[in-house]
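The values are calculated or read from the model by the stated rules, or taken from the named source; none is laboratory data. Just so you know, these numbers come straight off a predicted model, no measurement behind them. Cβ: placed from backbone, ideal geometry, glycine included. Neighbour counts: every protein chain shown. Just so you know, the surface numbers come from the protein's heavy atoms only, side chains and all, with ligands and any DNA or RNA stripped out. Shrake-Rupley method; radii C 1.70, N 1.55, O 1.52, S 1.80 Å.
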Amino acid sequence: MPCLSKMILKQIQLQNFRNYQNQEFKFSGGLNLLIGPNTTGKTNLLEAIFLLASRKSFRARMEEEMINYHKEIARIKGKVSLDSQEINLEIVLTRGELNGSRVAKKKYLVNGVSRRMMDFLENFRVVYFGPQDLEIIVDSPSIRRDWLDLVLEQADRDYRRASLSYKKGLRQRNRLLEQIRDEGKPRSTLFFWDKLLVENGGVMTQKRQEFLDFINQQPERFGKMGIYYDKSIISPQRLEKYAEEEIVAGATLVGPHRDDFEAMIDGKSLHAYGSRGEQRTAVFSLKLAELEFMAQKIGKRPVLLLDDIFSELDHARRERLLEVIPKQQTIITTTDIHLVKRNYLEKMKVIELKK
């Protein structure tokens, strides 16, 4: 594979974002180390960078959680370099109301011009790796589906379009199922939404399969780890099969929103039977595969965000990660500088955060 150019985040400015009132950070195009004790805002800074790339937080359930508690509005401004071209990106967050008027909870700007979310997301990509990523293996299927969406919505515009249409259609179809059950509306009202869900759900299933196949082909799968995709196919035939059950439930019972996948080693489910070490190894493999998948899909190396994960990895995984780090701009957080090799420290820009 030819050497790919890097996406570079040159600087970011945070206004009323979490614990940051008005602060700017500048980064080198190589290795950057954010060091400081807990509660200084290291993860908050990575969250802001992730938001600028994906429009989502990797931990907040609602946008307003990211706005400083005493403020009504937050701004995240970033300057990104792409093949010597500089792009200014900005996200404005609100609580849905400003000066007594209803406003959008998110506004996207590129070089000062308001853009649709779909177009905004074309400009910057990141891969985040933190301790909570273990949830991908050990937690509920919804966590795994969310991860698939986070990866594929960044990497693939067609998936992003299909996912947005599917989720909107799913909400409408579920409302209609409730009305059919409770108010006696005719089932024919589902026709348009059935067609929309089948079309977009098919795209999502295909692209999820491609991504999980890519993971299974990677050499970073330590041991005999493999991913099994437990897909919920949506088709006219399956919707007809579950028609009566869906009306009783008032919910759509088949489709990508019911998907799951499982990491296996030697035929053993890591979710149910894996040791903590095996589960960490599986997450490590998933994240390295995500990084390579993103690079191949967009034709550039995305920015890598590593959130205090050196203490979570054994020596072999730490060494492997240190081999990968120089391939792209990398921003690392840690509370202990001794976890980072001395020869890497010489090449890093060190940013110290204080309470």
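Remarks
- Rounded accessible area of residue 119 (nearest 10 Å², 1.4 Å probe): 50
- Of all lysines in the structure, the ones whose alpha carbon falls short of 25 Å from that of residue 224, not counting any fewer than 8 places away in one chain, are 207, 268, 287.
- Protein-only accessible surface at a 1.4 angstrom probe places the residues 225, 62 in the order 62, 225, largest first.
- Each Cα pair under 8 Å and six or more residues apart adds its sequence gap; the mean of these over the residue count of the stretch 232-276 is a relative contact order of 34 percent.
- Between the C-alpha center of the stretch 53-109 and that of the stretch 167-210 there is a gap of 31 Å.
- For the stretch 247-346, GluC sites (Glu not before Pro) are listed when DSSP marks them as loop and at most 11 other Cβ atoms sit within 10 Å of their Cβ; the list is 346.
- The residues neighbouring residue 329, those whose beta-carbon lies less than 10 Å from its own, together hold a net charge of +4 under the Lys/Arg +1, Asp/Glu -1 convention.
- Positive contributions from Lys and Arg (+1) and negative ones from Asp and Glu (-1), summed over other residues with Cβ under 10 Å from the Cβ of residue 259, come out at +3.
- Rolling a 1.4 Å probe across the protein heavy atoms gives the stretch 8-83 an accessible surface of 43 Å² per residue.
- Counted charge near residue 242, where neighbours are those whose Cβ lies closer than 15 Å (Asp, Glu -1; Lys, Arg +1): +1
- Our helix-only sum for the chain, with -39,500 (n - 2.57) per DSSP H run of n ≥ 4 divided by its residues, gives a mean residue ellipticity at 222 nm of -12500 deg cm²/dmol.
- Full extension of the chain between residue 122 and residue 354 yields a length gain of 80.1 nm, computed as 0.36 nm times the residue separation minus the alpha carbon distance.
- For the stretch 78-163, the fraction of 1.4 Å probe accessible surface lying on carbon and sulfur atoms is 44 percent.
- Positive-end residue of 285, 329, 261, charge dipole of the stretch 250-341 with Cβ unit charges: 329
- Taking chymotrypsin sites (Phe, Trp or Tyr not before Pro) in DSSP loop conformation with at most 16 other Cβ atoms inside 10 Å as exposed sites, the chain has its longest uninterrupted site-free stretch at 70-221.
- Contact order relative to length of the chain, as percent, for alpha carbon pairs under 8 angstrom and 6 or more apart: 25
- Loop-located trypsin sites (Lys or Arg not before Pro) in the stretch 129-224 (DSSP state other than H, G, I, E, B) with a sparse environment of at most 14 neighbouring Cβ atoms within 10 Å: 224.
- Net dipole in debye of the stretch 144-225 [+1 Lys, Arg Cβ; -1 Asp, Glu Cβ; about Cα centre; nearest 20]: 200
- Amide H contacts of residue 125 (H built 1.01 Å from N, under 5 Å, at least 5 apart or other chain): 303
- Proximal aspartates and glutamates to residue 106, defined as alpha-carbon separation beneath 16 angstrom and excluding residues fewer than eight positions away on the same chain: 47, 63, 64, 65, 72, 90, 97, 119
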